[in-house]
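Novice: Here's a structure for you.
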Amino acid sequence: MSAVELPPRPAPGAKAEDCGNLVDGERRPGAGARLDVNDPFTGQTWARVPDSGEAEVREAVASSRRAFLEGPWAGALPATRAKLLHRFADLVERHAAELTQLQARENGKAVREQHAQTLGLSAHLRFFAGVAETITGQTIPVSARSTFHYTVREPLGVVAALTPWNSPLALLMWKLAPALAAGNTVVVKPSEVSPVSTLRLAELAQEAGFPPGVVNVVTGGAEAGRQLVAHPDVALVAFTGSTAAGRQIAAAAGGRLARCTLELGGKSPNIVFDDADLDAAVEGVVGGIFAAAGQTCIAGSRVLVQAAIHDELVERLVRRTARIRLGDPLSWDTEVGTIASPAQLDKVRSYVDVAASEGAELVAGGGAPDGADGPALFFAPTIFTRVKPEMRIAREEVFGPIAAVLPFDDEADAVRIANDTAFGLGAGVWTSDVGRALRMASSIRSGTVWINTYRKTNYVSPFGGFGDSGIGRENGADAVHEFTATKTVWIDTGSGIADPFNPFA
Ligand code: NAD
């Protein structure tokens, strides 16, 4: 990623920006309390947003419902939807540096990754602009005389998009682009940690020409999310976040028979065989768990290493980890930024104690990096060895830069340990044996398997989890199916009057 010029941070002591919700095409202040948005590198509060509750959510859903049923968006032609998505993509491209800078100031992710993600947003929009004009049904030859029978895919109505803080814009785009391509309207509830970049993205959607109400944003915490999920006019809840919140959301949506898609947590294995290219494997393992300070759902947090190369690989990992450049997320030299919030930093720290008390051996990191005594929420890339599959550090998602190294004997042992988890989001396999790669890909129970690579995602590539990692798939042209319902149409082409008491005649 070549460096682009980013807008500078506001001067120290600058007044925090007051941001409203974006509802019905206008900024609204919200009636209740406000939430601080903090820069995890400087510690400064740089924005405030409404802590929305029932009233704000009700307004936003009503506006999106109106936009779905009336006005220019209701029944907008596929070509119109595609054109708006392309215009939106143009604006995202034009404002990419600004969006990157906003996200990095919210969650502390280094811009070298963040900016690539921002540029990916417009590619995502363009792909789904194409999809908008290819949402087809089927003509199905039903075995009944004089019958023409076909299906169409229709938008659902108001979609609620609930997003986490680690990749606020990308994970929103995975929902927003297919939802809009299919003709839905969307109410977004971003994480309380990262609401400002989402508000700006929604403003760009409006500038692109999406009518008021098609994309609304209500900020706030879990309570705003709960109100949105419970709202009877929300047809689909598209959620990315923790497994714990996902369970509550599935129960609430299920209680009123609303649809939901859930992209949840993970404890992904990154498996290194003794026939692997170890230079490549070391980079893949280090990037898999330490990129974005481990705050990714697909973090390769369980590093499974074949016994014959265990000690050598650990030594190489420790050496490589020591060279990782932690620093200001807004600097292009930085490889790893900060932990996103003090609460998340506490959680990460607590797992160091958990792992140590369970008997794992700390061989790298374990706390603040040397010389880090400022306000930045840094945590040193950390490696534990002698981890056993039953330890909490091997079972629970930390969502931070902690690698748990587990040895294995052979292929069967690797599969057994890899699948010994409630999650099933990603998995990496490092081997030079093609047959083994294919056997592992088929035996591991996870939504994605990477062979001799790790952490790649793309708008054409279906993404989602097994088990506690979620329900449904995002990305890829078929993702649009999650945002549509199939309608079946039967037409009698005129063979005369049918027997009213036997529809099968
Ligand atoms: P979180 O579950 O705490 O919050 C996610 C969003 O849901 C936020 O907007 C939050 O305000 C809201 N929320 C929380 N509880 C809610 C409830 N009961 N009802 C309605 N809304 C609620 O997650 P987080 O801490 O923001 O993000 C980290 C988690 O996200 C990790 O577990 C990570 O694995 C997961 N994640 C998954 C993916 C994926 O694609 N599978 C991607 C990124 C992050």
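Matching residues to (1) part of a helix (DSSP H, G or I); (2) of a type in the set (Gly, Ala, Ser):
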position	(1), (2)
Lys15	no, no
Gly30	no, yes
Gly43	no, yes
Ala55	yes, yes
Gly71	no, yes
Ala97	yes, yes
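Novice: Additional query: Being touching a His at 6+ places or on another chain (Cβ under 6 Å) and open to solvent by less than 40 Å² (accessible area, probe 1.4 Å) is the filter here, so list the residues in segment 121-156 that pass it.
Specialist: Residues of segment 121-156 that are touching a His at 6+ places or on another chain (Cβ under 6 Å), as a first pass: 129, 140, 142.
The answer is Ala129, and nothing else.
Novice: Right, next: Taking segment 235-253 as the region of interest, how many residues are more than 21 Å from Ser64 (Cβ to Cβ) and open to solvent by 40 Å² or more (accessible area, probe 1.4 Å)?
Specialist: 5
Novice: What pairs can you find where one residue is in segment 15-36 and among the polar types (S, T, N, Q), the other is assigned to a strand (DSSP E or B) and open to solvent by 50 Å² or more (accessible area, probe 1.4 Å), and their Cβ atoms are less than 6 Å apart, with a gap of 6+ or different chains?
Specialist: Going by the 6 Å Cβ cut-off, the qualifying pairs are Asn21/Arg28.
Novice: Across segment 430-460, which residue is nearest to the ligand (Cβ to nearest atom) among those that are among the hydrophobic types (A, V, I, L, M, F, W, C) and without any contact (Cβ under 8 Å) to a residue 12 or more places away in the chain? Don't jump to the end; show me each part of the working.
Specialist: As a first pass, look at segment 430-460 and keep what is among the hydrophobic types (A, V, I, L, M, F, W, C): 430, 434, 437-438, 440-441, 444, 449-451, 460.
Filter once more, so that each one left must be without any contact (Cβ under 8 Å) to a residue 12 or more places away in the chain: 434, 438.
On the way: Val434: 29, Leu438: 25 Å.
By that ranking, first place goes to Leu438.
A quick yes/no check of all residues on (1) out of contact with any strand residue (DSSP E or B) (no Cβ under 8 Å at 6 or more places or on another chain); (2) among the aromatic types (Phe, Trp, Tyr); (3) buried (at least 19 other Cβ atoms within 10 Å of the Cβ):
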position: Phe68; (1), (2), (3): no, yes, yes
position: Trp73; (1), (2), (3): no, yes, yes
position: Leu77; (1), (2), (3): yes, no, no
position: Thr80; (1), (2), (3): yes, no, no
position: Leu85; (1), (2), (3): yes, no, yes
position: Val92; (1), (2), (3): yes, no, yes
position: Ala97; (1), (2), (3): yes, no, no
position: Ala104; (1), (2), (3): yes, no, yes
position: Ala110; (1), (2), (3): no, no, yes
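Novice: Here are some conditions: (1) over 21 Å from Asp478 (Cβ atoms); (2) more than 15 Å from the ligand (Cβ to nearest atom). Ala179 meets all but one. Which one does it not meet?
Specialist: All conditions are met except number (1).
Novice: Grab the strands (runs of 3 or more DSSP E) fully contained in segment 203-271, keeping just those with 1 or more residues being of a type in the set (Asp, Glu). Show your work before the answer.
Specialist: Working: elements: 215-217, 234-240, 259-263.
In segment 203-271, the matching strands (runs of 3 or more DSSP E) lie at 259-263.
Novice: What pairs can you find where one residue is in segment 93-105 and more than 12 Å from Pro8 (Cβ to Cβ), the other is charged (D, E, K, R), and their Cβ atoms are less than 8 Å apart, with a gap of 6+ or different chains?
Specialist: Sorted first by the residue in segment 93-105, then by its partner, the pairs are His95/Arg200; Leu99/Arg200; Leu102/Arg200; Gln103/Lys109.
Novice: Further question on the same structure: Could you pull out every one of the strands (runs of 3 or more DSSP E) wholly within segment 332-428 that has 3 or more residues that are within 20 Å of Val286 (Cβ to Cβ) and of a type in the set (A, V, I, L, M, F, W, C)?
Specialist: Working: elements: 361-364, 382-385, 402-408.
Ranges flagged: 361-364, 402-408.
Novice: May I pose another question? For Val282, which of the numbered conditions (1) of a type in the set (A, V, I, L, M, F, W, C); (2) near the ligand (Cβ under 10 Å from one of its atoms); (3) touching a residue at least 12 places away in the same chain (Cβ under 8 Å) fails to hold?
Specialist: With respect to (1) of a type in the set (A, V, I, L, M, F, W, C); (2) near the ligand (Cβ under 10 Å from one of its atoms); (3) touching a residue at least 12 places away in the same chain (Cβ under 8 Å), Val282 is out only on (2).
Novice: Hey, another quick one. For the subset of segment 127-173 comprising residues that are out of contact with any helix residue (DSSP H, G or I) (no Cβ under 9 Å at 6 or more places or on another chain) and part of a strand (DSSP E or B), which member is nearest to the ligand (Cβ to nearest atom)?
Specialist: Within segment 127-173, the first condition is being out of contact with any helix residue (DSSP H, G or I) (no Cβ under 9 Å at 6 or more places or on another chain), and the residues that meet it are 136-152, 154, 171.
Cutting the leftovers down to part of a strand (DSSP E or B) gives us 139, 147-152, 154.
On the way: Thr139: 35, Thr147: 43, Phe148: 41, His149: 37, Tyr150: 34, Thr151: 30, Val152: 30, Glu154: 26 Å.
So the residue we want is Glu154.
Novice: If you scan segment 371-429, which residues turn out to be open to solvent by 10 Å² or more (accessible area, probe 1.4 Å) and within 16 Å of the ligand (Cβ to nearest atom)?
Specialist: Within segment 371-429, Leu377, Arg392, Arg395, Glu396, Glu397, Phe399, Thr421, Ala422, Phe423 meet the criteria.
Novice: Taking Ile471 as the residue in question, decide whether it is within 27 Å of Asp413 (Cβ to Cβ), touching a Leu at 6+ places or on another chain (Cβ under 9 Å) and at pLDDT 95 or above. Spell out the reasoning first.
Specialist: Working: within 27 Å of Asp413 (Cβ to Cβ): no; touching a Leu at 6+ places or on another chain (Cβ under 9 Å): yes; at pLDDT 95 or above: yes.
In short, no.
Novice: Between a first residue in segment 461-484 that is on the phi > 0 side of the Ramachandran plot and a second residue that is away from the ligand (no atom under 11 Å from the Cβ) and among the small types (Gly, Ala, Ser), which pairs have beta carbons less than 7 Å apart while being 6 or more apart in sequence or on different chains?
Specialist: Pairs found: Gly467/Ala422; Asn475/Ser461; Gly476/Ser461.
Novice: Quick check on my filter: what residues within segment 266-290 are touching an Asp or Glu at 6+ places or on another chain (Cβ under 8 Å) and surrounded by fewer than 23 Cβ atoms within 10 Å (Cβ to Cβ)?
Specialist: Asp275, Leu278
The values are calculated or read from the model by the stated rules, or taken from the named source; none is laboratory data. Since this is a predicted model, take the numbers as computed values, not measurements. Reconstructed Cβ throughout: ideal geometry from the backbone, glycine too, with neighbour counts over all protein chains shown. Note: areas computed on protein heavy atoms with side chains; ligands, DNA, RNA excluded. Shrake-Rupley method; radii C 1.70, N 1.55, O 1.52, S 1.80 Å.
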